[in-house]
1. Can you give the Kirkwood hydrodynamic radius of region 81-182 from its Cα pairs, in Å with one decimal?
2. What label, among (i) 184; (ii) 196; (iii) 118, belongs to volume of the Cα convex hull per residue in Å³ computed from the structure on display?
3. Given the -39500 (n - 2.57) contribution per DSSP H run of 4+ residues, what per-residue ellipticity at 222 nm results for the chain, rounded to the nearest 500 deg cm²/dmol?
4. Please report the Cα spread of region 3-68 along all three principal axes, rounded to whole Å, starting with the longest.
5. Restricting to lysines 8 or more places apart or on different chains, can you count the pairs in the chain with Cα atoms under 20 Å from each other?
6. What helices in the chain pass both tests, a Cα length along the helix axis of 20 Å or more and a mean Kyte hydropathy of -1.0 or higher, using whole DSSP H runs?
Amino acid sequence: MNKQEFLADLRKRLCALPPDEIEEQLAFYGEMIDDRMDDGLSEEDAVLAIGSIDEIATQAVGKNDAGSKRRLKIWEIVLLVLGSPIWLSLAIAAFAVILSLYVTLWALIISLWAVFVALIGSALGCTAIGIGTACTDHLLPGIAALGIGVVCAGLSIFMFYGCKAATKGILMITKKVMIRFFGRRSCHE
């Protein structure tokens with residue numbers, strides 16, 4: 001394995017690290033290979049002398065995980081406890097606002113579907129009334145009711161596609177938010 005292949009494989013295995021740390025690691029190992037080549041080793045031997053990519057990647061990712069779990073100092077804990085009436089109430093308020101916006105969006109979607117169902121009911125009712133009225137001695141009011149039924153049927157078709165698109169949009173937003181806050185992405189995506 002030559003230097004470029006080694007560094008490319010190392011980059012793939014370090015994808016869990018932040019980009020600046022990946023570049024730092026690649027520069028470090030690239031320089032280490034160059035130093036060994038300056039000492040007289042061939043490129044392949046210099047790469048072999050560094051060690052296994054698996055061990056290097058495991059060690060680098062392990063150091064990053066260990067460094068991110070620091071313990072809080074006493075004064076930080078005291079500030080968190082003393083500030084909790086403020087930050088906890090603000091966090092609850094922010095959560096309540098976000099939840100109310102989300103519920104409002106779904107209430108809007110449910111209202112749109114209710115209008116769709118009402119249009120279908122109006123179309124069926126007006127059509128039935130129009131036919132019934134036209135069959136009696138009131139031809140013009142029957143035709144008018146039949147026309148209203150046809151208009152309601154046409155509007156319900158448009159309403160169906162609008163409701164469907166709005167529901168898909170809200171579901172897509174919900175999915176993206178859930179993935180953003182609760183899901184973990186693989187580094188190979």
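1. 17.1
2. (i)
3. Rounded to the nearest 500, the figure is -30500 deg cm²/dmol.
4. 39, 19, 18
5. 5
6. The qualifying helices are 19-38, 53-68, 74-135, 139-182.
Every number here is computed from the coordinates shown, using simple stated rules; none is lab data. Please read all numbers here as calculations on a predicted model, not as lab measurements.
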